[in-house]
2 protein chains.
Amino acid sequence: MLKMKDFEEHINTLRSLGLRPTKQRIKICEILFGKKATFHFTVNQLNEIYKKKFKSKISLATIYNTVHGFKKKGYLKEITLDGNKSYYDTNTLNHHHFYDEGEDKLIDIENFDVSLNSLPKAPLNKSIKSVELMIRLENNNHNQK
Amino acid sequence: MLKMKDFEEHINTLRSLGLRPTKQRIKICEILFGKKATFHFTVNQLNEIYKKKFKSKISLATIYNTVHGFKKKGYLKEITLDGNKSYYDTNTLNHHHFYDEGEDKLIDIENFDVSLNSLPKAPLNKSIKSVELMIRLENNNHNQK
DNA sequence: CTTATACTTTAGAATGATTATAAATTAATT
DNA sequence: AATTAATTTATAATCATTCTAAAGTATAAG
């Protein structure tokens, strides 16, 4: 059951980002920021979730616009994977990931599970913007008969 | 000045991979494995280098085929960056990278410049295939007036 | 050295993700 | 309620990549 409070919160979030609170954006907010747990998604997955949850269509262009807006404002983080599609993470704090190639799935790594002892220093006139670990996973039985 | 020895070496490399040594593949080998220093490239960049160096055209499809062949055989490594194009690295040893976003350029990090103290353990039935650090760089003056 | 076979290259079409466009709609302002 | 400015939308355009089928080339066999 959705409470008015949720809507208002999303509306305020959007306004604070300088984005008009449209029906579509509020719904995307409900999907992305409605639950406590953070999660990872592609634009296509977000589109599917939207269709199912609200039983209504939305233009992909709108999803791209909104996601880009959130990213620019720091409410979403794009994640680095090979291949040719982008993943987004609702957890914008600095953290690392497992990538399960078999299942094409990202898993957050808690920061206290990793300890980076020494880092290289940045080249002249550059500074470090972020440090991210990608740990690729494979199934244990990969070299069995 | 190219010596016959170089060609023969590339031909042997190709044969050992089960790839027929065609004109195109030998030339790609010259580009990729001819110099001592390793380097990073996209398929398009490789195409440009090929055109300039040999003053002849090559089909993009051939470049894709060859690069994929080398990758599958472990002679090239695909590198993970956001956006929608793939980078390849002639250094296939496990190592980390700086990514200079401004210049869209990858820089190798020597392994002894990084020390990872503790790693999270892999989820059940999974094991760690690779661990790679991506350190994003920005210009020092990014928040000056 | 010629022929047969399998592998390669090629141009161009097909695909899939993303971005651009321009008209219709909606939110905000007056 | 009317004006304006931003947004949504469907669709076209773009870009990297993969697919395809025909033409070309390397290898193996005679």
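The values are calculated or read from the model by the stated rules, or taken from the named source; none is laboratory data. This is a predicted model, so every value here is computed, not measured. We place every Cβ from the backbone using ideal geometry, glycine too, and count neighbours over all the protein chains shown. Note: areas computed on protein heavy atoms with side chains; ligands, DNA, RNA excluded. Shrake-Rupley method; radii C 1.70, N 1.55, O 1.52, S 1.80 Å.
Under a model in which nothing but the beta-carbon of Lys, Arg (+1) and Asp, Glu (-1) is charged, the stretch A:8-76 shows a dipole of about 140 debye around its Cα centre. The figure for B:S86 is an accessible area of roughly 30 square angstrom, using a 1.4 Å probe on the protein chains alone.
When only the Cβ of Lys, Arg, Asp and Glu is charged (+1, +1, -1, -1), the dipole of the protein assembly as shown relative to its Cα centre reaches about 1160 debye.
For chain A, a simple Cβ point-charge model (Lys and Arg +1, Asp and Glu -1, everything else neutral) yields a dipole of about 920 debye relative to the Cα centre.
Counting only DSSP beta bridges whose two residues both lie in chain B, roughly 75 percent are antiparallel. Each listed q (0.17, 0.19 Å⁻¹) maps to a log10 I(q)/I(0) for chain B from the Debye sum over equal C-alpha point scatterers, namely -1.06, -1.21. Could you point to the residue in B:S56, B:S115, B:S127 farthest towards the positive end of chain B's charge dipole, with +1 and -1 charges on the Cβ of Lys/Arg and Asp/Glu respectively? Among B:S56, B:S115, B:S127, the one farthest towards the positive end of the dipole of chain B is B:S56. Here the stretch B:93-139 carries DSSP beta bridges of which approximately 55% are antiparallel, counting only pairs with both residues inside.
Once the Cβ-Cβ distance between A:L93 and A:L116 is put in as r, and R0 is 22 Å, what FRET efficiency do you end up with, to the nearest 0.05?
The pair A:L93/A:L116 has a calculated efficiency of 0.90.
Ratio of Rg to Rh for the stretch B:93-139: 1.07 [Cα atoms; Kirkwood radius as inverse mean 1/r over pairs]. Each residue of the stretch A:90-101 was assigned a 3J(HN,Hα) from its phi angle through the Karplus expression (A = 6.51, B = -1.76, C = 1.60, θ = phi - 60°), giving 7, 8, 9, 6, 5, 7, 10, 9, 8, 10, 8, 5 Hz with x at Gly and Pro. A simple count of charges around B:K52, restricted to other residues whose Cβ falls under 14 Å of its Cβ and scoring Lys, Arg +1 and Asp, Glu -1, yields +3.
When you restrict to C-alpha pairs under 8 Å that are six or more residues apart and normalise by the size of chain B, the relative contact order lands at 17 percent.
Placing one equal scatterer on every Cα of the protein assembly as shown and applying the Debye formula, the log10 ratio I(q)/I(0) at q = 0.13 Å⁻¹ is -1.07. Computed from backbone phi with θ = phi - 60° and the Karplus coefficients 6.51, -1.76 and 1.60, the 3J(HN,Hα) list for the stretch B:17-33 is 8, x, 10, 5, x, 8, 3, 5, 5, 5, 5, 4, 4, 4, 5, 7, 10 Hz; x is used for glycine and proline.
Per-residue surface analysis assigns A:E9 an accessible area of about 100 Å², computed on protein heavy atoms at 1.4 Å probe radius. Couplings 3J(HN,Hα) for the stretch A:119-130, derived from phi with the Karplus relation 6.51 cos²θ - 1.76 cosθ + 1.60 (θ = phi - 60°), are 10, x, 8, 5, x, 3, 6, 10, 9, 7, 9, 7 Hz, where x marks Gly and Pro. Can you list the aspartates and glutamates whose alpha carbon is less than 15 Å from that of B:K57, not counting same-chain residues fewer than 8 positions off? Within the straight-line cut-off, B:K57 pairs with B:E48. Convex hull of alpha carbon positions in the stretch B:73-114: directionally averaged projected area 3.4 nm². Using a 7 Å projection from Cα along Cα-to-Cβ, the label point at A:G83 is separated from the same position in the remaining copies by 2.0 nm, smallest value first. B:R25 exposes around 60 Å² of accessible area when a 1.4 Å probe is run over every protein chain in place.
With N counted as the residues of the stretch B:4-79, its alpha-carbon radius of gyration over 2.2 N^0.38 Å works out to 1.01.
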